[in-house]
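Bear in mind these aren't lab numbers, they're just calculated from the coordinates by the rules spelled out. Everything numeric here is computed off the predicted structure, so don't read it as measured data. Glycine gets a Cβ as well: all are built from the backbone with ideal geometry, and neighbour counts include every protein chain shown.
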Amino acid sequence: METMWQTSLRTILGFFILLLLTRILGKKQLSQMTFFTYITGIALGNIAGDMVVHKDIKLIDGITGLSLWAILALGIETLSLKSSKARILLDGEPTIIIKNGKILEKAMASNKLNMDDLSMLLRDKNVFSVREVEYAILEPNGKLSVLKKQEEENVTKKDLQIPLSQRLYIPMELIVDGKIVTRNLKELNLNLEWLENQIKLCGVHSVEEVFFAELQSDGSVYVDKKTDKPILN
């Protein structure tokens, strides 16, 4: 019974101390999850958990550890506010992933980003085709900022009174990292011969020359050659 009461007391104290410290650290801990804030959150949670579970850790030691870590985190955040160099060191810098409509393969590789990741991040911005993007910037918190091409910006067809045409396909990946996405071809009821013909129409002789290819909603194919400019048939 005594052990239960001790565990309950430790849990309650740990809960409210952790709640207080996270409130002091500010909303950035949730809204702008960078490497530093991520590590801080894990560390505070681990210290609080150890304080609750491990009876050999005195309450005062656990509270001291939590408080000291929070003070250090606040100090580092204050430093990053006053120093741009410290901010870059702690949070990192934004990285351009797509520039002038061209996917920067080296930038993707340096950020451990593949085409599936990029497609997911673009869809999160309601962008379903790489063709629509002029610039895409990977922020330090892992989110993607997207600047669409001027002709793709949000002016609706209804505003311009343009007659609507039926969408033939949902934009879908056909080649990723030089490899054919066979499951997508099968889902679209298309075959390898059709894909090779479409690539040739773009002036590309083989799949090995293609970094990324995507079927457009009108049935055309967008092709991004390896270390070359994107083209569209």
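Using only the alpha carbons of segment 95-152, determine the length spanned along each of the three principal axes and report them from longest to shortest in whole angstroms.
30, 20, 18
What ratio of Cα Rg to 2.2 N^0.38 Å holds for segment 105-233?
The reported ratio for this selection is 1.10.
Once you keep just the Cα pairs under 8 angstrom separated by 6 or more residues, what percentage relative contact order results for segment 167-232?
This gives 37 percent for segment 167-232.
Using the basic label-point model (7 angstrom from Cα toward the beta carbon), what is the PHE16 to LEU89 distance in nanometres?
Computed distance between label sites PHE16 and LEU89 equals 3.8 nm.
Fewest to most neighbouring Cβ within 10 Å: what's the order for SER110, SER220, SER119, SER145?
Fewest-to-most ranking of SER110, SER220, SER119, SER145: SER110, SER145, SER220, SER119.
What base-10 log of the normalised intensity I(q)/I(0) is obtained for segment 167-232 from the Debye formula, alpha carbons as equal point scatterers, at q = 0.18, 0.21 Å⁻¹?
-0.56, -0.77
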